[in-house]
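Take a look at the structure below.
The values are calculated or read from the model by the stated rules, or taken from the named source; none is laboratory data. Just so we're clear, the structure is a prediction, and the values are computed from it rather than from any experiment. Neighbour counts are summed over all protein chains in view; Cβ atoms, including those assigned to glycine, are modelled from backbone coordinates with ideal geometry. What goes into the accessible areas is simple: the full protein's heavy atoms, side chains included, and nothing from ligands, DNA or RNA. Shrake-Rupley method; radii C 1.70, N 1.55, O 1.52, S 1.80 Å.
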Amino acid sequence: MDGEELTAQQTALYDRQIRVWGVDAQKRLSKANVLVSGLNGTVAEFCKNIVLAGVGSLTLMDDRLVTENATHANFLITAEESKLSGRSLAEVYCNSLREFNPMVHVSVEKGDLHYFDGNFFDKFDIVIISGYSLKVKKLINSKCRERQKRIAFYTVECRGSCGEIFVDLQSYTYAQKKSDGTIECHMEYPSLEDAISIPWRDLPKKTTKTYFAMRVLEYFESWQYGKLCQTSDSDIPHVLESRKVLCDEQGLSESHLPDALLNRLVAAGAGEYPPVCAILGGFLGQEVIKAISGKGDPIKNFFYFDAADGKGIIEDISPPSK
C-alpha cells in the first residue's frame, strides 16, 4: 500500500492485531478519520473499540451537558464527572478516550451536524450517527453520498434490549479470502431512504419483526417529538395507532407486529442495557474496521440484536438490481 509506513511505536503497540489483519490494513486504519455524532452507551463502546484499534482520528459531536442519567450504561462517564457543570458529553468522552490510546487524535466539534454543509464531511472517511430523527438521518446520509469521495455512513440505535445498525458503504470493493487464495468482491449499497422505501409486502416473509417495529417508532417519534428515543409507557396507545396506519398503508396485517415487541421498545425509551450496548458497539466497531481495511465480508445493510432471544440478524433490504 502506498503512503507512510507505520512508526516503530505503532508497530509495537498494534503488533497483535497486525498479525490478524496485516500491515496494510493497519496502515489504512491509522490514516482513517471517523466522525461520531450523538453519544450514548452504545456509541461509547464503539469509540473505545475503534480507538484501541488505532484509527487515525476520532471526532466527537454532542453539545448536550453531562447529567447523572448519562452515566447509565456508559463507562466513559464517571459518577464524579456527571456532577460537573458546564461540560458536554463530547468533551467528557474526549478526555476519557484519549487515555485509552494517546496515539489516536481524539477531538470535539461543536454544533448540530445537520446544519454543516457538505464540505465539512470531506474531512472524514466514516460518519456514524445515533439518536437522530429519520428526517435528519436521511439528510446526513444524502450529504455523505453527494461528496466526490466515498464516505461510509452508519446509524446505530439501542432501545433497551433491542438494537439496530444501518450501513451504507455506497459502491464498495473488498478482498474476500477463499481456500485457494483471495478474490476481489464488489457490493452496491442503497441509501437509507431507498432501503426503507421498499414496500413491506415486497420484503421476504422471514424479515425480522424488529425491522418493522423500528419503522413504526420512527414514524411515531418523528411526528410526535421530532427526534428518537423519547417514548414512555403513556405513548403505547398512540404507537399502536401508528402501527395500524403504517400496516394499512403497506398492506400488512397488524398481527405481523406483536404488541409485546412494540410495548417493550416503547417502554425502553432512551434506556440502554449495558450488555446490548457492548454487543452493538463491538459489532459496529468490527464492521467499521472491515470497511476501512477492505478485508472481510461487510454486512449489507441492517443488523438487529434482541436480548430476548440472544440472536443477531443481518437483513439485506435493498431495491431490486436494475
With respect to L139, determine if the residue is over 24 Å from F283 (Cβ atoms) and in contact with a helix residue (DSSP H, G or I) (Cβ under 7 Å, 6 or more places away or on another chain).
yes
Restricting attention to region 1-33, and to residues there that are in contact with an Asp or Glu (Cβ under 7 Å, 6 or more places away or on another chain) and of a type in the set (A, V, I, L, M, F, W, C), which single residue is most open to solvent (accessible area, probe 1.4 Å)?
M1
Can you find a residue that is within 17 Å of E99 (Cβ to Cβ), in contact (Cβ under 8 Å) with a residue 40 or more places away in the chain and among the aliphatic types (A, V, I, L, M) anywhere in region 41-50?
yes
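Pull up region 174-204, narrow it to residues that are of a type in the set (S, T, Y) and farther than 30 Å from S253 by Cα, then point me to the one that is most open to solvent (accessible area, probe 1.4 Å).
Step one: filter region 174-204 for residues of a type in the set (S, T, Y), giving 174, 179, 182, 189, 191, 197.
From what's left, farther than 30 Å from S253 by Cα: 174, 179, 182.
Numbers: Y174: 21, S179: 131, T182: 93 Å².
Step by step, filter region 174-204, then rank; the result is S179.
Hey, can you tell me all the residues within region 288-322 that are farther than 18 Å from A195 by Cβ and either of a type in the set (G, A, S) or open to solvent by 80 Å² or more (accessible area, probe 1.4 Å) (or both)? Outline the logic, then answer.
Step one: of region 288-322, the residues farther than 18 Å from A195 by Cβ are 288-290, 292-297, 305-312.
Within region 288-322, S293, G294, K295, G296, A307, A308, D309, G310, K311, G312 qualify.
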Checking P274 against (1) at pLDDT 95 or above; (2) open to solvent by 20 Å² or more (accessible area, probe 1.4 Å): exactly one of these is not met. Which one?
(1)
Yes or no: region 117-133 includes at least one residue that is on the phi < 0 side of the Ramachandran plot, touching a Phe, Trp or Tyr at 6+ places or on another chain (Cβ under 8 Å) and either open to solvent by 20 Å² or more (accessible area, probe 1.4 Å) or outside the structural domain of A44 (by TED's automatic domain parsing) (or both).
no
Among the residues that make up region 221-241, is at least one of them surrounded by fewer than 12 Cβ atoms within 10 Å (Cβ to Cβ), under 30 Å from F124 (Cβ atoms) and either free of Cβ contacts under 8 Å to residues at least 60 places away in the same chain or in the same structural domain as L262 (by TED's automatic domain parsing) (or both)?
yes
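Taking the stated definitions as given, is D24 among the acidic types (D, E) and modelled with pLDDT under 95?
Values: among the acidic types (D, E): yes; modelled with pLDDT under 95: yes.
Judged against the criteria, D24 is a match.
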